[in-house]
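J.: The structure follows.
The values are calculated or read from the model by the stated rules, or taken from the named source; none is laboratory data. Model, not experiment: these values are computed from the prediction. In this analysis, Cβ positions are derived from the backbone assuming ideal geometry, glycine residues included, and neighbour counts consider all displayed protein chains.
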Amino acid sequence: MAKYLFNFLFIFLILSSFSFAKDNDDQLQSQFGKDLTKVPFFMRYSFLRKNNEDWKDSTYSERKAFLKKYEDSVAAQEAKDKAEAKAEANREKERAQEKKRLERELEKRLKTQQNEEKAEAKADADRRKSMDKMTSSQQKELDQMVQSEQQAQASR
């Protein structure tokens, strides 16, 4: 029972707090004057173009609505710019990652190619060595044959 009572009170206080919320003009008044007449020229000109009415001939509520709308649009533009900057930073980060990936692939290919070239060079060197050994052994056999032939002719 107490649980339901606390839930009811909580919901009642939450909902009633919205009705007590006050539209705070203090920031606008401190920035643009008590009657919102001290605004920059570009804002007065923008107001004139939109409403076809001079700033000093307008009412306080019209000025307030325009200034709030202007602040909202500035905040929205800043949020949009921030989101675009973040998206651009993400795209740049992705490009950098892609570039690094391509560089690693290229480096891997070059390393593989160098290893293959080293293996081929080693195989060629091994073949030359075996060929040189075979040539030298055949030369020794030939020399022995020539020497034995010379001994055979000398003994005859």
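J.: Take residue 122 and decide whether it is more than 30 Å from residue 31 (Cα to Cα), of a type in the set (Lys, Arg) and either out of contact with any Gly (no Cβ under 6 Å at 6 or more places or on another chain) or surrounded by 10 or more Cβ atoms within 10 Å (Cβ to Cβ) (or both). Lay out the reasoning, then the answer.
T.: Working: more than 30 Å from residue 31 (Cα to Cα): yes; of a type in the set (Lys, Arg): yes; either out of contact with any Gly (no Cβ under 6 Å at 6 or more places or on another chain) or surrounded by 10 or more Cβ atoms within 10 Å (Cβ to Cβ) (or both): yes.
Here the answer is yes, as residue 122 does meet what is asked.
J.: Let me ask you something else. Filter region 41-76 down to the residues that are in contact with a helix residue (DSSP H, G or I) (Cβ under 9 Å, 6 or more places away or on another chain) and surrounded by fewer than 10 Cβ atoms within 10 Å (Cβ to Cβ) and list them by number.
T.: 56
J.: Within region 3-54, work out how many residues are at pLDDT below 70 and closer than 28 Å to residue 74 by Cα.
T.: The total comes to 7.
J.: Give me the residue from region 70-99 that is charged (D, E, K, R) and over 12 Å from the mean Cα position of the chain (by Cα) and, out of that set, nearest to residue 36 (Cα to Cα).
T.: The extreme case among them is 71.
J.: Additional query: Which numbered condition in (1) farther than 30 Å from residue 25 by Cα; (2) not in a helix (DSSP H, G or I) is the only one that residue 87 fails?
T.: (2)
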